[in-house]
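Every read-out reported here was derived from the displayed coordinates using simple, explicitly stated rules and does not represent laboratory data. Everything numeric here is computed off the predicted structure, so don't read it as measured data. Cβ placement follows ideal geometry from the backbone for every residue including glycine, while neighbour counts extend to all protein chains displayed.
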Amino acid sequence: MQATSRNFKDNAHEALADPNLQKAMGFVRTGFIEKRKAAADALPEFEALRDSARDIKNHTLANLDHYLERYESKATENGAQVHWCATAEDARQTVLEICRSVGARTATKGKSMIAEEIGLNDFLEKNEIEPIETDLGEYIIQLRKEPPSHIIAPAVHVTQDQVEADFRSHHKHLKPDRPLAEPQQLVAEAREMLRQKYLDADVGITGANFLIAETGTSVIVTNEGNGDLTQILPKVHIVIASIEKVIPTLDDLGVILRVLARSATGQEMSSYTTLSTGPRRPEDPDGPEQYHVVILDNGRSSMLGTEYQEMLRCIRCGACMNHCPVYHAVGGHSYGWVYVGPMGAVLTPSLIGVDQAGHLPNASTFCGRCESVCPVRIPLPKMMRHWREREFERNLNPPAQRWGIRAWAFLARRPGLYRAVTGLQVRALGLLGRRRGRFASLPLAGGWTRHRDFPAPQGRTFQQRWAERRRESGRSAA
Amino acid sequence: MSAGTGKPARGQILGAIRRSLKRDAGDGGAEADRRLAERPQGPAVQRARLPRPQLVELFVQKAEAVQCSVARVESPEALPEAVADYLKQHNLPSALRVAPDPELTDLPWKDKAPLLTVAAGRAEAEDSVSLTGSFAGVAESGTLMLLSGPEGPTTLNFLPETHLVVLRESQLVGPIEEAWARLRERQKTDRGGSLPRTVNFITGPSRTGDIEQKIQLGAHGPRRLHILLVADEPG
């Protein structure tokens, strides 16, 4: 996928002016948050499970080479064909070669963020293999030729009316006057459209939520059942998974599953958690004859041992974006690449470079909600700060901003001067604004005053008032 | 496979990981092996640690909370009637695709449910009702656990619109850790240590919230999931 993260500011302005997007994002602001809270509150052990999930991932990352080797040897023992791919290009080629080896014309797909990351659909299409997205949200955005705007709800930016319009314009062979006003009718129509495609496909491609080293197993966690139909009906099943998906044991899976669904959708368990180990056995009545696992690095190994290592704990639940005021306001497409919201703001610069994605870690109020709900306790705000530092070190931000930061740093290192300058500034603004109590415009503050008035200061700085208060409380205590 | 994948890429990726982690040349993975052997458990979920009668209650309550329906059945012999009743009640077709499991195919279908057409095998596109057994039920979350194998075609769990599942009370476990233990026990005795191709954990019927977060059932998998919970001695 071509990144447009450099255009974050323009993207965000457009998003704020888009009434359909704003309507759709309204459902995110309420639904996900309430459901997660109810599910977390209903399980007394939830916080302890979050600690445990964090520790499992930390332990695995510290031993990642060993767990990948043990996973591979178990998987191979059970008949899996494991393919290691260092880059997105390697992974695309590998998938294509597997498809070609069985003369595939169509490939059904379960939802996979790694497939989005490597731009698999466009590549397969160019090579005359039709990729068919089967997750309802992915199906909708495939019709709309759009990238996902959320890592677990890819069409979260689309309203019901838009889905109805898309179905009417694409499903031309159906009666034009059929009723489609109810969500259930839309779901039923998508079900009908995809049924035959599952049965006809030569290859089924899914992602993996986890790889289990103990048993050589890949795991998908879904609600619709499309991932399962994708992987049991065709004769070839391809799993694409990045290196950090591996976890040690089934017991570790149990711990992480308990925090995953609750954090994602507020469910205790998603409808379907499916463990796949090898291809169908000779005596099995169904299932794929070939089972391939593509293990992708694509820049992750170089995150290990750096201040971004903790990001590799991420289990892709989406809670950080569901709770992010910036994501709520601008939606996923503004981020300009596959990963969005706070996790995208940290991961995207790691994978495509801070020169491409420097805006993303700046698009945060540092309110800390993302970290407070992360099931594996990733310190997302801290890591966004690290990216801001990298950006500054590499001279990537615009001159005005750099000048401003330098000027502030100069003052901040000289407390006496800082107090004098801010005291003067506050007194001057207080005097200038005392009649109206606010400013409709101010030099250097256009970004603020274009949208709302700037309140006039009351005459003293925060530090002065703080000092006064300390003195007063000291007197009353004595 | 293509250049850049396979052996060279494997060494390249593992080498990069080792360099990033500053891995000691002498570290052969003893810590990983220890965890794989000891399999430490996470925090215990107390709500699932219950005596059997309450475990059954918890399972039923959790399964119904995720839009399953549950029928209590006194004995396996009563299953054909219970199946026929359910299909009639919901105005569903009387043709049934049954998993090729003697425990299901040998039931007295002809005597007790003469109006049903019963065929065994994997699911075909036109099948609208399936009946399968199960390996375990996890009371903690109302989850069914089904295994693939000669007696358990996976297609039956996903293709038909209505999925009926037989679960014996003795197959109920509390937390998911007990399900792992039963699975490992089974592998030890008859599968040489491997898991079956597919292990399905099923918690309610298929659903989607992809249209404005409004939950709809029957997205691609079954719209109805009916559990026939058969009373038996805890085994």
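A few notes on this one:
- Members of A:Lys23/B:Lys214; A:Lys245/A:Lys382; A:Lys23/A:Lys57; A:Lys9/A:Lys126; A:Lys111/A:Lys382 lying beyond 26 Å, as alpha-carbon distances in this model show: A:Lys23/A:Lys57; A:Lys9/A:Lys126; A:Lys111/A:Lys382
- Net charge of Cβ neighbours under 15 Å - reference A:Ala24; Lys, Arg +1; Asp, Glu -1: -4
- A simple rule links phi to the HN-Hα coupling: the Karplus curve 6.51 cos²θ - 1.76 cosθ + 1.60 with θ = phi - 60°, which for region B:49-54 gives 9, 9, x, 3, x, 6 Hz, with x for Gly and Pro.
- Near A:Met269: Cβ cut-off under 10 Å, other residues only, Lys/Arg at +1 and Asp/Glu at -1. The net charge is +1.
- Cβ-based charge dipole, the protein assembly as shown, positive-most Cα from A:Leu257, A:Gly137, B:Ala16: B:Ala16
- Estimated [θ] at 222 nm from DSSP helical runs (n ≥ 4, -39500 (n - 2.57)) normalised by residues in chain B, nearest 500: -9000 deg cm²/dmol
- About its Cα centre, the dipole of region B:50-206 is roughly 360 debye, where the only charges are +1 on Lys and Arg Cβ and -1 on Asp and Glu Cβ.
- In this Cβ point-charge picture (+1 for Lys and Arg, -1 for Asp and Glu), region A:43-296 has a dipole of about 400 debye about its Cα centre.
- Selection of GluC sites (Glu not before Pro), region B:33-112, meeting DSSP coil and at most 14 other Cβ within 10 Å: B:Glu74
- Going from the fewest other Cβ atoms within 10 Å to the most, the residues B:Ser130, A:Ser271 appear in the order B:Ser130, A:Ser271.
- When the alpha carbon gyration tensor of region A:414-477 is reduced to an equivalent ellipsoid, its three semi-axes come out at 28, 14, 10 angstrom, largest first.
- Over 18 Å (Cα to Cα) - which of A:Lys35/A:Lys109; A:Lys109/A:Lys197; A:Lys197/A:Lys235; A:Lys74/A:Lys109 fall in this group: A:Lys35/A:Lys109; A:Lys74/A:Lys109
- Dipole magnitude for the protein assembly as shown: computed about the Cα centre from +1 point charges on Lys and Arg Cβ and -1 point charges on Asp and Glu Cβ, it is near 4600 debye.
- As a calculated quantity, the FRET efficiency between B:His90 and A:Asp10 at R0 = 60 Å, using C-beta atoms, amounts to about 0.65.
- Between A:Arg406 and A:Arg469, the FRET efficiency estimated from the beta carbon spacing at R0 = 25 angstrom works out to 0.20.
- Taking chain A as a whole, the Cys residues whose C-beta sits 4.7 Å or farther from every other Cys C-beta are A:Cys85, A:Cys99, A:Cys314, A:Cys317, A:Cys324, A:Cys367, A:Cys374.
- For region B:1-86, the alpha carbon positions stretch 63, 38, 24 Å along the principal axes, listed from largest to smallest.
- The residues neighbouring B:Ser128, those whose beta-carbon lies less than 9 Å from its own, together hold a net charge of -2 under the Lys/Arg +1, Asp/Glu -1 convention.
- Fully extended contour minus Cα-Cα distance, from A:Gln2 to A:Ala38, at 0.36 nm per residue: 9.1 nm
- Inter-label distance for A:Glu389 and A:Ser302, nm, one decimal - labels placed 7 Å from Cα along Cα-to-Cβ: 2.0
- Cβ-based exposure ranking for B:Ser94, A:Ser350, in which fewest neighbours within 10 Å come first: B:Ser94, A:Ser350
- Distance between region B:147-211 and region A:1-71 - C-alpha centres, whole angstrom: 28
- Rounded D (µm²/s) - region A:43-296, Kirkwood Rh over Cα pairs, Stokes-Einstein at 4 °C, 1.567 mPa s: 68
- Selected from B:Lys188, B:Lys62, B:Lys112 as most flexible by GNM, with chain B as the system and alpha-carbon contacts under 10 Å: B:Lys188
- Helical mean residue ellipticity (222 nm; -39500 (n - 2.57) per DSSP H run of 4+; nearest 500) of chain A: -15500 deg cm²/dmol
- Among the GluC sites (Glu not before Pro) in region A:240-329, those located in a DSSP loop and surrounded by at most 16 other Cβ atoms within 10 Å of their own Cβ are A:Glu283, A:Glu289, A:Glu307.
- Per-q log10 I(q)/I(0), region B:50-206, q = 0.15 Å⁻¹ (Debye; single scatterer per alpha-carbon; no solvent): -0.82
- When the protein assembly as shown is described by a simple charge dipole with +1 on each Lys and Arg Cβ and -1 on each Asp and Glu Cβ, the residue from A:Cys99, B:Leu164, A:Pro398 located farthest towards its positive end is A:Pro398.
- Using equal-weight Cα scatterers in the Debye expression, the normalised intensity of the protein assembly as shown in log10 at q = 0.05, 0.09, 0.10 Å⁻¹ is -0.28, -0.82, -0.99.
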